[in-house]
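Inspection log for the structure reproduced underneath, given as structure tokens.
The values are calculated or read from the model by the stated rules, or taken from the named source; none is laboratory data. In this text, all values refer to a predicted model and were calculated from it rather than measured experimentally. Here the Cβ positions follow ideal geometry from the backbone for every residue, glycine too, while neighbour counts run over all protein chains shown.
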Amino acid sequence: MAKSQRLGKRPAQKLKRTAASPARKGASKPGRGADPARVRAILAKLDEAYPAASCALKHENPFQLLISTILSAQCTDERVNQVTPGLFRKYPGPKDFAYANPAEVESEIRPTGFFRNKTKSIIGAGRKIVEEFGGELPRTMEELLTLPGVARKTANVVLGTAFGTACGVVVDTHVQRVSARLGLTAHTDPRKIEQDLMKVIPREKWILFSHQIIWHGRRVCRARRPRCIECNLERLCYSKDKTI
Ligand code: SF4
């Protein structure tokens, strides 16, 4: 019998409790469904389904990806991709944002929501890049985290997609939901989820895994009524949210 089939026979009730159980305060172990053999089986299934998963945000350079990622907070990538071509024509690089008129930037990015805060972030990021990093987007997690509007998720997107550097795992709403359903984490806090995933996913897979899980979350493992009938991970999944 194939290993994945044997894994598929794990008592469902035990894993159901794992996926549904609230995070234990101070718990340091990943989800109980994260044993190495099971994780390997999940990664193989993700490779099978999404061998070439990549970032959906259109960009021509790392700085544009940074701006697009900031704009994607609480917004769809599709909406961001509608806004950024015009935005980047008007403001091609950090120095163009650094001293831009906030009202004009606000009107450009308004469709992405939270446009006042996002304007402050992208103008502030442009200014900091110009004044403290010589006009070049920094390439380390520590430096990126000093930019306004940049937390670990955004920094991981930029480092992984633009620079090919695996510093961590991108944890957005899809990664948060799908990782919990697959039992890879028992936490709800993005930083702790990232730590869990970094423990169980081999480092060389961090970048691709993030893209794959995001694609899976968008296409199949949706927040409402996940399409479990179409899911190639179904035999490995014991989520209480399953629809079959
Ligand atoms: S079986 Fe359903 S809940 Fe589990 S990963 Fe697949 S789509 Fe998501």
| query | When you go through I213, I244, I207 one by one, which is the residue that is under 12 Å from the mean Cα position of the chain (by Cα) and within 16 Å of the ligand (Cβ to nearest atom)? | reply | I213
| Flag if D196 is in contact with a helix residue (DSSP H, G or I) (Cβ under 9 Å, 6 or more places away or on another chain) and more than 30 Å from V105 (Cβ to Cβ) | yes
| Neighbours by Cβ (under 9 Å, 6+ apart or cross-chain): first from segment 224-244, modelled with pLDDT under 95; second near the ligand (Cβ under 8 Å from one of its atoms) and in a loop (DSSP other than H, G, I, E, B) | Y238/L182; I244/C231
